[in-house]
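See structure below.
The values are calculated or read from the model by the stated rules, or taken from the named source; none is laboratory data. Predicted, not measured: the structure shown is a model, and the values here were computed from it. Cβ coordinates were reconstructed from backbone atoms using ideal geometry, including for glycine residues, and neighbour counts include every protein chain displayed. What goes into the accessible areas is simple: the full protein's heavy atoms, side chains included, and nothing from ligands, DNA or RNA. Shrake-Rupley method; radii C 1.70, N 1.55, O 1.52, S 1.80 Å.
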Amino acid sequence: MASILKTSINLNEIPKDKIIAGKKGKYLPITITLNDDVDQFGNQGPVCVDQTKEEREAKTEKVYLGNVKVVWTNGENVDTAPRDGQQQQAAQPAQNVDLPF
């Protein structure tokens, strides 16, 4: 179930209090959501700063950092985002086609 996701994030939106200092560097916990449908820009989901349980329960507004697209997949888990000018197509199972060659 392999896929490659592509995203870019707005570094200006990173809340400094969410950065975690670790042994090998500084980290920002994020959440990437893959939606079933693409939006009007061909994105398949948002990239947000991870929320704590308390923040979720308090319905704290999410900090959006960017969007994500699936640019490659082996076809077993998700579909790729449509390229510019193309519509998204669902993966079709292989069919037995009786070809003359």
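Worth pointing out:
- Among residues of region 1-17 being outside any strand (DSSP E or B) and open to solvent by less than 80 Å² (accessible area, probe 1.4 Å), the one that is nearest to Arg83 (Cα to Cα) is Ala2.
- If the condition is being open to solvent by less than 90 Å² (accessible area, probe 1.4 Å), free of Cβ contacts under 8 Å to residues at least 12 places away in the same chain and under 24 Å from Thr73 (Cα atoms), then region 23-38 contributes only Asn35.
- Test for Ile20: is it touching a Phe, Trp or Tyr at 6+ places or on another chain (Cβ under 7 Å) and open to solvent by 70 Å² or more (accessible area, probe 1.4 Å): yes
- Residue in region 50-63 that is over 17 Å from the mean Cα position of the chain (by Cα), modelled with pLDDT of 95 or more, on the phi > 0 side of the Ramachandran plot and open to solvent by less than 60 Å² (accessible area, probe 1.4 Å) present: no
- Answer residue from region 39-49, given it is on the phi < 0 side of the Ramachandran plot and assigned to a loop (DSSP other than H, G, I, E, B) and is surrounded by the most Cβ atoms within 10 Å (Cβ to Cβ) among those: Gln44
- Residue within region 65-88 that is modelled with pLDDT of 90 or more, open to solvent by 40 Å² or more (accessible area, probe 1.4 Å), closer than 20 Å to Ile9 by Cβ and in a loop (DSSP other than H, G, I, E, B) present: no
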